[in-house]
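Read through the structure below, which is laid out as structure tokens, and then see the notes.
The values are calculated or read from the model by the stated rules, or taken from the named source; none is laboratory data. In this text, all values refer to a predicted model and were calculated from it rather than measured experimentally. Cβ placement follows ideal geometry from the backbone for every residue including glycine, while neighbour counts extend to all protein chains displayed.
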Number of protein chains: 2
Amino acid sequence: MFINKLIEGIKEKKSPIVVGLDPRIELIPGIVTNKYYERYGKSFRAAAEAILEFNMEIIDKVYDIIPGVKPQIAFYEKYGIEGLKAYNETCKYASKKGLLIVGDIKRGDIGSTSKAYSDAHLGRTEVEGEYLRAFYSDSITVNPYLGDDCLKEFVEDIEKYERGMFVLVKTSNPSSSQLQDLVVNGKKIYEIVGEMVSGWSRKHLGEYNYSSIGAVVGATYPEEAKNLRALMKESYFLVPGYGAQGGTAEDVIHSFNEDGLGAIVNSSRGILYAYKNQGKFPEENYGDASREAAIKMRDDINNTLEKYGKKYW
Amino acid sequence: MFINKLIEGIKEKKSPIVVGLDPRIELIPGIVTNKYYERYGKSFRAAAEAILEFNMEIIDKVYDIIPGVKPQIAFYEKYGIEGLKAYNETCKYASKKGLLIVGDIKRGDIGSTSKAYSDAHLGRTEVEGEYLRAFYSDSITVNPYLGDDCLKEFVEDIEKYERGMFVLVKTSNPSSSQLQDLVVNGKKIYEIVGEMVSGWSRKHLGEYNYSSIGAVVGATYPEEAKNLRALMKESYFLVPGYGAQGGTAEDVIHSFNEDGLGAIVNSSRGILYAYKNQGKFPEENYGDASREAAIKMRDDINNTLEKYGKKYW
């Protein structure tokens, strides 16, 4: 089961964090990009090759201290077909290194279309009796605006292939309040979505009483996270917004249950491009800078968990 | 401007419909698929080549009677990289035939990530000073769950590159009521989203007093469409759900304004695989069956518009 593997990874590595692999070509060191521009011109091919090399170095430097990575597919899609090849190769490489993949794809559509997305990212696609994998994620993020008949299409593959999903409940962006905080009979929309997700979670519990069906809850909204934590005990939270978006360890603490489990915190920019913020590491050691930043984040969260009596290790 | 081009296409071809290019390999005639299975085995390559041939034949047979096509990207994504190549080639081929492309991608994320999706599908992606196109759509569908700071990222490219977007307001699926019909201070969520989209629409009006920022409003909810039509006069509606999903011409009529404009109705399965429903056409003439089905749909809607005094031609 996905959730068992995730929790075992967190406990083994003492690390409730994932690194968001969101490539921004303009922030990748010239030492990586320039040789591909020389070889392939200023092209998607060059960008994609540079992204893959960069991602592999980051993975090499952090795979032993984190349970998973969260590639954001938009940052690959923008480089077209070549970019999506780099997405796929990144996922495969990270898997080989023992990391779980959270494909941050935020898909969601009517039933039969959601099934196609599920085939693409969680399950397999049938071609004349052959069942083939299109993309290589262990779990994905899903948008709830279309309701249950969208979500249910993913659940079959979650069971069949031991995958997971994190449904958007309260997102980390400034205007997330616009719809998500509207009040219906005394309940906010994000709470209603939280209860809906929680219903799915409870039907699919793993060994540690957590579910492979979880929620996205932004680090930038600690009070909302507290509400949701109380509402949906069995749902694991994927928590974006730590670091560059402004969320702190004190902010994310509410996303954890008393057992110290229940949340996995993501940081992307703050870890990937750490070499830029420090005089300490020369450009060619960008991977070391990322490793240091990941360790710092892990320790920051672990120390805060300990402070609040939520030690899980 | 996208919306001007769309309206001119509708008027010129007397056809307020788009054909949804949602390839289902199991429904594509064996006369198309088998040769690719022989050549490339039971593989994504074979499926993608078959899909592209099928799409091109459909486009050849309908391009003179419709203003645009709506490829649903999920049905390409499920065939991985090869599938997405077929998506891109389909879009390029349809463009060459003078059709507008509605990329049914239902993306939406936090600001910087939505910008990446916009680069990918509406605008261009910068690689070291070069601005390159990743995917070839004239407009896309967008999910509103993250609010305005998601939507605004697409607007810049809509202006700059003469593109459009249709924001999900009331979707055609059975469980769309679950979130979209919840009531906040006497207003349903889909109405609140409708007003939000309408605000964007009004800021970006074209020649015919319609906007390149429109809404997705399912054919399966005619009463809701009537509400929304009154609320958001300037927003063009993309109306899925006609045909296979159960929507009729009488159902979609409420999505049109009194000027006979304001909506573009999609049908996918009912047109693409029309050859299966008729004894009339042999398999090799599947394109002719699709043409007949598209004409029938166009006439059905035009006749109904005339009946309700909403003639636009």
### Scan of segment A:29-51 for residues that are surrounded by 22 or more Cβ atoms within 10 Å (Cβ to Cβ) and closer than 17 Å to A:S268 by Cα, ordered by number
A:I51
### Task
Looking only at segment A:144-157, decide whether some residue is in contact with a strand residue (DSSP E or B) (Cβ under 8 Å, 6 or more places away or on another chain), more than 9 Å from chain B (Cβ to nearest Cβ) and part of a strand (DSSP E or B).
no
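Rundown of residues vs (1) farther than 22 Å from B:N4 by Cα; (2) modelled with pLDDT under 95; (3) out of contact with any strand residue (DSSP E or B) (no Cβ under 7 Å at 6 or more places or on another chain); (4) not charged (D, E, K, R), yes/no style:
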position	(1), (2), (3), (4)
B:I253	no, no, yes, yes
B:N257	no, no, yes, yes
B:A263	no, no, no, yes
B:Y273	yes, no, yes, yes
B:Y286	yes, no, yes, yes
B:D300	yes, no, yes, no
B:T304	yes, no, yes, yes
B:W313	no, yes, yes, yes
### Query
So how many residues does segment B:202-219 have that are closer than 24 Å to B:D149 by Cβ and under 18 Å from the mean Cα position of the chain (by Cα)?
7
### Task
Go through segment A:127-141 and give me each residue that's more than 7 Å from every other protein chain (Cβ to nearest Cβ) and either under 13 Å from A:G111 (Cα atoms) or among the acidic types (D, E) (or both).
A:D138
### Message
Can you find a residue that is in a helix (DSSP H, G or I) and within 20 Å of the chain's Cα centre (by Cα) anywhere in segment B:162-171?
### Response
no
## Note on the structure
Here the residues within segment B:2-27 that are surrounded by 19 or more Cβ atoms within 10 Å (Cβ to Cβ), of a type in the set (A, V, I, L, M) and touching a residue at least 60 places away in the same chain (Cβ under 8 Å) are B:I3, B:L6, B:I7, B:I10, B:I17, B:V18, B:V19, B:L21
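Consider B:G218 carefully, then state whether it is in contact with a Phe, Trp or Tyr (Cβ under 7 Å, 6 or more places away or on another chain), crowded, with 19+ Cβ neighbours inside 10 Å, on the phi < 0 side of the Ramachandran plot and at pLDDT 95 or above. If you could, list the steps in order and put the result at the bottom.
On the way: in contact with a Phe, Trp or Tyr (Cβ under 7 Å, 6 or more places away or on another chain): no; crowded, with 19+ Cβ neighbours inside 10 Å: yes; on the phi < 0 side of the Ramachandran plot: yes; at pLDDT 95 or above: yes.
Taking the combined requirement at face value, the residue does not satisfy it.
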### Query
Quick one: is A:L182 touching an Asp or Glu at 6+ places or on another chain (Cβ under 9 Å) and either closer than 16 Å to A:Y236 by Cα or facing chain B (nearest Cβ under 9 Å) (or both)?
no
#### Entry: Pair list, Cβ < 6 Å and 6+ apart or interchain, from segment B:196-221 residues that are more than 17 Å from B:G241 (Cα to Cα) to residues that are surrounded by fewer than 24 Cβ atoms within 10 Å (Cβ to Cβ) and hydroxyl-bearing (S, T, Y)
B:S211/B:S201; B:I213/B:S201
### Single residue of A:K106, A:K115, A:K188, A:K160 found to be surrounded by fewer than 22 Cβ atoms within 10 Å (Cβ to Cβ) and within 30 Å of A:I66 (Cβ to Cβ)
A:K160
### Residue identified as within 30 Å of A:Y190 (Cα to Cα) and away from chain A (no Cβ under 14 Å) among B:K226, B:K280, B:K188, B:K276
B:K226
### Message
Given the criteria more than 11 Å from chain A (Cβ to nearest Cβ), within 23 Å of B:G20 (Cβ to Cβ) and among the small types (G, A, S), does B:G206 qualify?
### Response
no
#### Entry: Filter result for A:V169 (over 30 Å from A:Y131 (Cα atoms) and within 12 Å of chain B (Cβ to nearest Cβ))
yes
